[in-house]
Amino acid sequence: MEASMKKSTEEKLKPKLFSVMKNYSKQQLVKDITAGVIVAIIALPLSIALALASGVGPEQGLYTAIVAGFIVAFLGGSRVQIAGPTAAFATIVAGIVAKEGMDGLVISTIMAGLIMLVMGLCRFGKLIKYIPGTITAGFTFGIAVTIVIGQVKDFLGLTFKNAPIETTDKIAEIAKCIGSINLSALVIGLVSLAVLIFWPKKLEKIPASLIAVILCSAIVKLSGIEVNTIGDLYTISSSAPKLTLPSVTFARVKAMVPNAFTIALLAAVESLLSCVVADGMIGSKHRSNMELAAQGVANIGSALFGGIPATGAIARTAANVKNGGRTPISGMVHSVVLLAILVLLMPYASLIPMPTIAAILFIVAYNMCGWKNIRDMIKTAPKSDIAVLIATIVLTVVFDLVVAIGVGMVMASLLFMKRMADVTEAHAWIDIDDEDTDPDNILLKRIPENTRVYEINGPMFFAASEKFEYMLDDTDTDILVIRMRNVPAIDASGVAALADIVKSCDGLGVRVVFSHVNSQPMHAMEKAGLAETVGKENFCDHIDTALIRAQEIEETIKKGA
């Protein structure tokens, strides 16, 4: 027994690469190489754009993708995760660089890497689920807004009199300097946006960002119009990543602790979210603790070799899967190809117009903002969840991520405790000869053929939402009865979990019947449109009624067959 438990623990901290190579084939190697090359082409302009948005040199974005991307692929807990610089870090990194310099960023990133490494080794991977979806959605949307505001200057070709750091100061400076707009820059920006929006509809295989970079660079170079390029503002280096050590003092390390925790928390959340998305695409299951440890090592490596904070990139990971990548080899190939591009082609990056970089970041911000998710939350979530969501968005834009997450977590915790207090009640249990006196005990009922009954006990909220995935383990089920007499309350994540179950059942041809749904959960399910999806006739007030309804459905299925 002890040996079995020890083996299970070891497997949780075993890189996926070492598992998948047991049955590796030449056919999969070809697919992984192809996917790796395509993802590298996608990552090239994104890495440069995100580096510039972070206030560092363009090559440092590639250093991050090369070093962190390789380490995460080699040590990570996902089969297909692609790591590198992401938009979520842009405003955070820019703020650290502006206030603390590159040494401050390197120290912060190394400390963040150590924090994530410890989190992974201490099996903290599952604790990330205790961050409510409203907070994650809120700060993601807020970061997208700050990225857009930060790129308005380059998109319009404005000449700033000052160099603002805070988002609110940038808005004020844009308003002051709007008269300095460069129409040539605006035209290049609009052309870039048009390519980025419409190109994927015609030819998705070739990345739109690469086409925008090549086309607009050629226009600016050949026409001679006055538009700032990367080469006008930055010194380009084509040298490979080199080991660099920061100047470290105890006082400096102490001052960087808040930045380190911010980077670590954001990297952990985004990486594990990317893993979850990838799992859904390939039908696999990642090792969250191993992924956290790998992200920690990757961030340490990135910082030591001139890069910036890195995390799992959802868009690049999805592109990897869509192009045939199924093992960590594709992620390693992506890093090697980027290294070759850095050494051989990096000087040509000086020709890329800044409005094109801004346009790429506009699209990145749009893709990451999750506005549809925000819209659905506002429509369907309880008012308390909406308050947390809006507060997180506003605080992210006006202040920073640390304040937003801190206040958001406190609000979510307090509101959750209030919700639990509102629905908690005390009642006496009467035991007669230690026998079960509950006349509604499911063991006393006759379950119709091909029917599965699950009873949920306790509130359905964000920390418990993943506990209900096992309901579909039985493939011989025609009807799923979900008994909810002991569910006093439900939040947006709980409703989403039920919606996922209903959607999965629909795909498998399984009918769902609900039994004894209490008033608050019923109101939330009606508000979200779930009651309409399932059908009012499939909401029963008692388990006996639900089983009769299940019998009716089973007879209808048999007649149809």
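The values are calculated or read from the model by the stated rules, or taken from the named source; none is laboratory data. All values reported here derive from a predicted model rather than from experimental measurement. Here Cβ is always computed from backbone atoms with ideal geometry, including for glycine, and neighbour counts include all displayed protein chains.
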When you look at Thr109, is it at pLDDT 95 or above and among the hydroxyl-bearing types (Ser, Thr, Tyr), yes or no?
yes
Every residue in segment 67-89 that is assigned to a helix (DSSP H, G or I) and either in contact with a Gly (Cβ under 8 Å, 6 or more places away or on another chain) or more than 19 Å from Leu265 (Cα to Cα) (or both), please.
Val67, Ala68, Gly69, Phe70, Ile71, Val72, Ala73, Phe74, Leu75
For segment 284-317, how many residues are in a helix (DSSP H, G or I) and touching a Gly at 6+ places or on another chain (Cβ under 6 Å)?
10
What is the one condition in (1) buried (at least 24 other Cβ atoms within 10 Å of the Cβ); (2) not in a helix (DSSP H, G or I) that Leu158 does not satisfy?
(1)
Does Lys205 satisfy the criteria of being closer than 30 Å to Ala358 by Cβ and either surrounded by fewer than 12 Cβ atoms within 10 Å (Cβ to Cβ) or in the same structural domain as Phe139 (by TED's automatic domain parsing) (or both)?
yes
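Each row is one residue, and each column tells you yes or no for (1) at pLDDT 95 or above; (2) in contact with a Ser or Thr (Cβ under 7 Å, 6 or more places away or on another chain).
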| residue | (1), (2) |
| --- | --- |
| Ile131 | no, no |
| Phe139 | no, yes |
| Ile149 | no, yes |
| Phe155 | yes, no |
| Gly179 | no, no |
| Leu190 | yes, no |
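Condition check ((1) over 26 Å from Val37 (Cβ atoms); (2) touching a helix residue (DSSP H, G or I) at 6+ places or on another chain (Cβ under 6 Å)) across all residues:
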position	(1), (2)
His286	no, yes
Val297	no, yes
Pro309	no, yes
His334	no, yes
Pro347	no, no
Leu351	no, yes
Met354	yes, yes
Met368	no, yes
Identify the residue in segment 507-539 that is in a helix (DSSP H, G or I) and at pLDDT below 90 and, among all such residues, is farthest from the chain's Cα centre (by Cα).
Leu508
Residues being of a type in the set (Ser, Thr, Tyr) and surrounded by 19 or more Cβ atoms within 10 Å (Cβ to Cβ) - total across segment 489-512:
1
Where residues in segment 351-384 are closer than 23 Å to Ala87 by Cβ and over 23 Å from the mean Cα position of the chain (by Cα), which of them is surrounded by the most Cβ atoms within 10 Å (Cβ to Cβ)?
Thr356
Suppose we keep only residues that are assigned to a loop (DSSP other than H, G, I, E, B) and of a type outside the set (Lys, Arg) within segment 90-135. Which one would you say is farthest from Ser493 (Cα to Cα)?
Cys122
Could you list all residues from segment 93-107 that are touching a residue at least 60 places away in the same chain (Cβ under 8 Å) and over 14 Å from Thr64 (Cβ atoms)?
Ala94, Gly95, Ile96, Ala98, Lys99, Glu100, Asp103, Gly104, Ile107
